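Reading through the structure tokens given below for one structure.
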Amino acid sequence: MSLLALQRDMRDWLMREDGAAADRIGATAAPGLAVYQNNYRTQLVACLESSFQRTRAWIGEDMFLHAAVHHIDNVPPSSWTLDAYGRDFPATLARLHAADPEIAEIAGIELALEDLFIAADSSAVGLDGLGDLDWDRAVLTFAPSINLLHLNTNGFVIWSALVDQKEPPAPQYLDRPDVALLWRQGEQCRIRTIDDAELQALLKLRCGMTFGALCRDVALLLGEEAGMTLVGRWLGSWLSDHMVVAIDDRVQAAARCSSHLQL
Amino acid sequence: MIPSFPGFGLGLRKPHYADFLDHRIAVDFLEVISENFMIDGGRPRRILRDIRARYPVALHGVSMSIGSADGLDQAYLIRLRALVDDIEPLFVSDHLSWSRIEEFSSHDLLPLPYTQEAFDIVSANIDRAQNALGRAMLIENPSTYIDFAPADMTEWQFIDALCARTGCGLLLDVNNVFVSASNHGFDPIAYLNAVPHDRVRQIHLAGHSQGDHLLIDTHDRTVPPSVWQLYAHVLPKLGPVATMIERDDAIPPLLDLLTELGTARRIAAGKLEEAA
């Protein structure tokens, strides 16, 4: 048997305990194949348990194990890094628990935080010299690790309660979909929910809108004074949260973004 | 030839990060799992840089899959090269095994048949990896639970030929020799006598468990007397060589591991003095 044929048989044995593949590997190999099968599945279950601790706490040990086994049976690992194995687990949970959408949303938050933890480092802009900028032309660059999650349930509140070891609330749909903003401040992963106005502002700035154009957009909606106050508050929090990595007032602004952007 | 480093070290594991960063611990080097740090950034990478500023570091991989019949993963090699350039490690090692085939990655160290075809594939993969990394690697003998027959050569003949063909060095895991010898019924002393002694640059010492039918390489307990005996046997043939305790599960307090490392130091001192 060629090495490629042998490795395909081992793969088929690990993925689905293929008896014909095991027979081709050899009659005396059964005890060893059992060890490799156990190692394979144990490691993947442990990986999911480690990555989705709050999800596991929310749905309980048995239901989590059932979901993990279902995932392992249907989504074989493909990346060199185990860190990637959980990437499709929220989707598996969404399929298995369509009537309980908060489960997949909690898992999605955990996955996003895990990605954030090892995201590329970036240096936030300091406060010095900000007064000298031409803010009308300024284009803000946000940290590449920033992520936005769409939430239809109170999954974020449940996740927060689980983190704080408090009694989580009962799951429920939100009246209006929410958005969680995730970013890293130094080595600290941060998360907070934002309203649609701040989401739209972030999306427009991230696609190249100037700060001045954003101010005018918001002023049209809320009036000059209220608009400026709100944009100023957003800018203050983005800067103090270390989300902004560059401000350039010398570049040509990008083409105007569409008036309402989707996540 | 890869330079020798005659020191005593430990595998760096999460529960001991603070110990190694906050104190000057009496080890000559630390070994880390490469894949844990082949990431874009964040705290793990910063901790590794801080560790590297205090201790020599060896990079030990588990996912290169040098036995894959369909070759190596280029993205993996690029990331490992970036880590190597950043950390400037003592050694870069991985296992004589495979884990990935055609978009499937088992995340386990799967055994190879010791055939001429496998030898040619592994040799080509090691050549490619060493070119990509810009340096020679160490290849570790695995613990295995399947013995593919018929084979064209023994594991030690396979390793000897690999070192000669590719210029790689050997990371000799003494526990793996014991486990595989027990599982497949060969003489561990014959194995240790036959490996290319001049190519050994690092030794792993670890513990194992008894499974239903086979010994399992669990790395979750102290080094047993049987493994210490093999270490004492092979050491005079090697001379001073980087030696470490490898513990991956049921991680004890650091003091326990340092005590075990002290045993390795005492055995090495005695055996090397006898041999002198």
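The values are calculated or read from the model by the stated rules, or taken from the named source; none is laboratory data. In this text the structure is predicted, and so the values were computed from the model without any measurement. Note that we place each Cβ from the backbone using ideal geometry, even for glycine, and neighbour counts take in every protein chain shown.
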Quiz item: Which one of A:ALA29, A:ALA20 is within 13 Å of another protein chain (Cβ to nearest Cβ) and over 24 Å from the mean Cα position of the chain (by Cα)?
Solution: A:ALA29
Quiz item: Can you find a residue in region B:60-68 that is farther than 15 Å from B:ILE139 by Cα, in a loop (DSSP other than H, G, I, E, B) and either within 12 Å of chain A (Cβ to nearest Cβ) or within 17 Å of the chain's Cα centre (by Cα) (or both)?
Solution: no
Self-check item: Only one of B:SER123, B:SER106 that is assigned to a strand (DSSP E or B), within 14 Å of another protein chain (Cβ to nearest Cβ), of a type in the set (Ser, Thr, Tyr) and in contact with a Lys or Arg (Cβ under 8 Å, 6 or more places away or on another chain)
Solution: B:SER106
Practice problem: Give the residues of region B:16-46 that are closer than 20 Å to B:PRO253 by Cβ and basic (Lys, Arg), sorted by residue number. | Solution: B:ARG24
Quiz item: What number of residues in region B:109-120 are closer than 12 Å to B:ILE146 by Cα, at the interface with another protein chain (Cβ under 8 Å from one of its Cβ atoms) and over 16 Å from the mean Cα position of the chain (by Cα)?
Solution: 2
Quiz item: Would region B:74-91 turn up any residue that is closer than 27 Å to A:LEU48 by Cβ, within 8 Å of another protein chain (Cβ to nearest Cβ) and free of Cβ contacts under 8 Å to residues at least 60 places away in the same chain?
Solution: yes
Quiz item: What number of residues in region B:4-36 are under 17 Å from the mean Cα position of the chain (by Cα) and either assigned to a strand (DSSP E or B) or in contact (Cβ under 8 Å) with a residue 12 or more places away in the chain (or both)?
Solution: 18
Quiz prompt | Selection from region B:239-265 of residues that are under 27 Å from B:PRO3 (Cβ atoms) and over 16 Å from the mean Cα position of the chain (by Cα) | solution = B:GLY239, B:PRO240, B:LEU257, B:LEU258, B:GLU260, B:LEU261, B:GLY262, B:THR263, B:ALA264, B:ARG265
Practice problem: Considering (1) under 16 Å from the mean Cα position of the chain (by Cα); (2) surrounded by fewer than 18 Cβ atoms within 10 Å (Cβ to Cβ); (3) at pLDDT below 95, say which one A:ARG190 fails and leave the rest. | Solution: (3)
Self-check item: Candidate set: region A:1-46, residues that are touching a helix residue (DSSP H, G or I) at 6+ places or on another chain (Cβ under 9 Å) and among the hydroxyl-bearing types (Ser, Thr, Tyr); chosen: the one surrounded by the fewest Cβ atoms within 10 Å (Cβ to Cβ)
Solution: A:SER2
Quiz item: Scanning region A:59-90 for residues that are among the aliphatic types (A, V, I, L, M) and within 13 Å of another protein chain (Cβ to nearest Cβ), which turns out surrounded by the fewest Cβ atoms within 10 Å (Cβ to Cβ)?
Solution: A:ALA84
Practice problem: Count, please, the residues in region A:151-178 that happen to be modelled with pLDDT of 95 or more and under 17 Å from A:PRO90 (Cβ atoms). | Solution: 10
Practice problem: Go through region A:126-145 and give me each residue that's in contact (Cβ under 8 Å) with a residue 24 or more places away in the chain, surrounded by fewer than 19 Cβ atoms within 10 Å (Cβ to Cβ) and either of a type in the set (A, V, I, L, M) or away from chain B (no Cβ under 14 Å) (or both). | Solution: A:LEU127, A:LEU130, A:LEU133, A:ASP134, A:TRP135, A:ASP136, A:ARG137, A:THR141, A:PHE142
Practice problem: Within region A:91-125, work out how many residues are away from every other protein chain (no Cβ under 14 Å), part of a helix (DSSP H, G or I) and either crowded, with 20+ Cβ neighbours inside 10 Å or charged (D, E, K, R) (or both). | Solution: 13
Exercise. Determine, yes or no, whether B:ARG45 is more than 26 Å from B:LEU162 (Cα to Cα) and part of a helix (DSSP H, G or I).
Key: yes
Quiz item: Does region A:203-215 contain any residue that is part of a helix (DSSP H, G or I) and among the polar types (S, T, N, Q)?
Solution: no
